[in-house]
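Asks: First the structure, which I've put down as C-alpha cells, then a few questions once you've had a look.
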Amino acid sequence: MIGRTLSHYKVLEEISRGGMGIVYKALDLKLNREVALKVLPPELVSDPDRKRRFVQEAQAAAALKHPNIAVVYEIDEVDGVDFIAMELIEGEKLRPVTNLETSRATRRRRSSCAHIRRRWKQFSRTPRPRGIGRARR
C-alpha cells in the first residue's frame, strides 16, 4: 500500500493496525496536507457485516465534534479499497505511557471516551485506550 495513490491521497507510511483496519499517513494531493487514511483490510472487504460497521464507524465519527477526536474528511472506495480519510494528529500512543500519565491527562482521556459513548449510542463496542493517542502540543 505504501506509495500507492487512493483517489487524491498518496500513501506515505503505516501508522498502526487494529481489528477494523490499517491506518496510514498519507498526503492529500489536492490540499497539500498530511492526513490519516484508515483502510479496511482486503480480507474484510468481502465481509458485508465488517464493511457495514466500517461505514457506520465513519458516519458516527463524522457526527462527532470534540477537541480530542480526529475530524473525518470523507469515506470512499477506490479499486476495491475502502478507506476513511481523517485528520492526522501527530503524537504518541497512550499504551506505552499509561504509567506516566498525569491525573489530568487521564481525566481528559476519560472525558473523550465518555463523549464518544454518548454520541455512539447505536454501537455496542466502546473506545479502548489503545485506539486513543496523545497529541503533541
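Asks: Within the set of pairs 6+ apart or on separate chains, which have a first residue in segment 53-81 that is farther than 12 Å from Leu40 by Cα, a second that is basic (Lys, Arg) and surrounded by 16 or more Cβ atoms within 10 Å (Cβ to Cβ), and C-beta atoms under 6 Å apart?
Replies: Qualifying pairs under 6 Å: Leu64/Arg119.
Asks: Somewhere in segment 26-40, is a residue surrounded by 15 or more Cβ atoms within 10 Å (Cβ to Cβ), touching a residue at least 40 places away in the same chain (Cβ under 8 Å), assigned to a helix (DSSP H, G or I) and of a type in the set (Gly, Ala, Ser)?
Replies: Within segment 26-40 (the criterion being surrounded by 15 or more Cβ atoms within 10 Å (Cβ to Cβ), touching a residue at least 40 places away in the same chain (Cβ under 8 Å), assigned to a helix (DSSP H, G or I) and of a type in the set (Gly, Ala, Ser)), the answer is no, since none of the residues qualifies.
Asks: Which numbered condition in (1) within 17 Å of Gly91 (Cα to Cα); (2) surrounded by 14 or more Cβ atoms within 10 Å (Cβ to Cβ) is the only one that Pro67 fails?
Replies: Every listed condition holds for Pro67 apart from (2).
Asks: If a residue must be in contact (Cβ under 8 Å) with a residue 12 or more places away in the chain, out of contact with any Gly (no Cβ under 8 Å at 6 or more places or on another chain) and not in a loop (DSSP other than H, G, I, E, B), how many such residues does segment 13-25 contain?
Replies: Going residue by residue through segment 13-25, those that are in contact (Cβ under 8 Å) with a residue 12 or more places away in the chain are 13-16, 18, 20-25.
Restricting the remaining residues to those that are out of contact with any Gly (no Cβ under 8 Å at 6 or more places or on another chain) gives 13-16, 20-25.
Remaining after also requiring not in a loop (DSSP other than H, G, I, E, B): 13-16, 21-25.
The qualifying residues number 9.
Asks: Among the listed residues Val45, Val72, which satisfies the condition of being over 17 Å from Leu12 (Cα atoms), β-branched (Val, Ile, Thr), at pLDDT 90 or above and surrounded by 15 or more Cβ atoms within 10 Å (Cβ to Cβ)? Outline the logic, then answer.
Replies: Working: Val45 fails: at pLDDT 90 or above.
One residue alone meets the criteria, Val72.
The values are calculated or read from the model by the stated rules, or taken from the named source; none is laboratory data. Treat the numbers as computed from the prediction; the structure is a model and nothing was measured. Every residue, glycine as well, gets a Cβ built from its backbone with ideal geometry; the counts of neighbours run over all protein chains shown.
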